[in-house]
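> Mind looking over this structure? Questions follow.
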Amino acid sequence: MSRNKIKDYAGLSRYGMWGSGEFGDIPGRPNPYTVLSDETRLAITVLLCLKGPLTAKQIADELELAPSTVLDHIDKLKEAVVIKEVEVPEKKYKREKYYDIDIVPYFTDEREEIYKRISKYADILKQTTLIVFEKCLNEVSEFLNNTLMAKHGVTIEKDEVRFLIFSELMKIVQDYFSEKGVFKDSLQTAKRYYLYIPLQRINIQKDEKALRDKLQ
């Protein structure tokens, strides 16, 4: 890596984060996107994605920062529920706290592999969903003629209206999945969001073992 470790680590998330839920500032929890807009905090998060759990000292050593600076950033990341304090079975530094991420990281090629593996089942879903969606359009077509949007010339032929109907259909499916315990809606969780951080694979991972040995 170059001498500028912060830029190097932060740059691995160039594909951008994404998520679902409530991301504005709420009492006791700042907006995670705002917190991660700081390059140093983003670098710390990426480092933990790749090498965590780590102590503040290990993070400071790797990013060439003062431990006090790292601790300030850690406090903000914890407030945003981006990282958390964790227990480590075999601590090298017995008295120090260890931190790890509290969001979902993945390499971009891993998501591509997930797509490939589920696409054969998605073909069945696509055909069924199209049939159901067309029935939904037929069901609401007459009703929409007497709505507020109709007064402004917005009809069911508009993509925006079809997307609205599709969103409602997907919300019904999502609520059903939540009811059956398949997964919770993000707003039903304690932190009220799901956040994902896609990362780029880099050549440095050829030296991952050496780096991990150094950090430990």
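Only the coordinates and a few stated rules stand behind these numbers; no lab work does. Bear in mind that the values here come from a model prediction, so they are computed numbers and not experimental data. A quick note on method: Cβ atoms are made from the backbone with ideal geometry, for glycine too, and the neighbour counts reach across all protein chains shown.
> Calculate the dipole size of the range 115-188 relative to its Cα centre from +1 charges on Lys and Arg beta carbons and -1 charges on Asp and Glu beta carbons; express the result in debye to the nearest 20.
Working: 11 positive and 11 negative charges, 85 e Å.
My answer is approximately 400 debye.
> Among 84/184; 57/84; 97/184; 116/158, which pairs are too far apart, with a Cα-Cα distance over 25 Å?
Working: 84/184 21 Å; 57/84 16 Å; 97/184 30 Å; 116/158 32 Å.
Pairs exceeding the cut-off: 97/184; 116/158.
> Further question on the same structure: For a 23 Å ceiling on Cα separation, which of these pairs sit above it: 78/191; 5/51; 92/191? Mind showing how you got there, number by number?
Working: 78/191 11 Å; 5/51 14 Å; 92/191 31 Å.
Beyond 23 Å: 92/191.
> What whole number of Å gives the distance from the Cα centroid of the range 55-79 to the Cα centroid of the range 144-199?
When both Cα centres are located, 39 Å separates them.
> Would you please give the residues with an amide H less than 5 Å from that of residue 55, counting only those at least 5 places away or on a separate chain, with H modeled from the backbone geometry?
Sorted by chain and number, the residues that satisfy this are 99.
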